[in-house]
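The values are calculated or read from the model by the stated rules, or taken from the named source; none is laboratory data. Owing to the predicted nature of the structure, the values given are computational and were not obtained by experimental measurement. Counting neighbours? That spans all protein chains shown, and the Cβs are built from the backbone with ideal geometry, glycine included.
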């Protein structure tokens, strides 16, 4: 079994409250979860209203497929920027 994992840090300079941040993060996570069938959640910077760090993962029987899914999710996140900019990203594929 292979697990593809990714982490992306987003900056949302227009946000003035945690409520604004939650709206952006929840919308993005819901769209990614439904479109790509991956697990995704906010994993850090929970109390900072202009920064969000999201972690996501997928399981597969192929390392190449797991890596492709992670890259596709990152491309989607990069392509749908409106309320945020991508500051940092990191990916890996693990074998179990």
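Listing for the model above:
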read-out: Residue within the stretch 54-73 that is on the phi > 0 side of the Ramachandran plot, in a loop (DSSP other than H, G, I, E, B), out of contact with any helix residue (DSSP H, G or I) (no Cβ under 6 Å at 6 or more places or on another chain) and surrounded by fewer than 14 Cβ atoms within 10 Å (Cβ to Cβ) present; value: no
read-out: Unique match (being in contact with a helix residue (DSSP H, G or I) (Cβ under 7 Å, 6 or more places away or on another chain) and under 14 Å from residue 77 (Cα atoms)) among 38, 3; value: 38
read-out: Out of 43, 38, sole residue that is at pLDDT below 95 and within 10 Å of the chain's Cα centre (by Cα); value: 43
read-out: Subset of the stretch 10-27 that is surrounded by 17 or more Cβ atoms within 10 Å (Cβ to Cβ), under 13 Å from residue 81 (Cβ atoms) and out of contact with any helix residue (DSSP H, G or I) (no Cβ under 7 Å at 6 or more places or on another chain) - its residue that is modelled with the lowest pLDDT; value: 24
read-out: Contacts under 9 angstrom Cβ, first residue in the stretch 14-33 being on the phi > 0 side of the Ramachandran plot, partner part of a helix (DSSP H, G or I) and surrounded by fewer than 18 Cβ atoms within 10 Å (Cβ to Cβ), 6 or more apart; value: none
read-out: Residues being surrounded by 15 or more Cβ atoms within 10 Å (Cβ to Cβ), free of Cβ contacts under 8 Å to residues at least 40 places away in the same chain and closer than 14 Å to residue 8 by Cβ - total across the stretch 44-53; value: 1
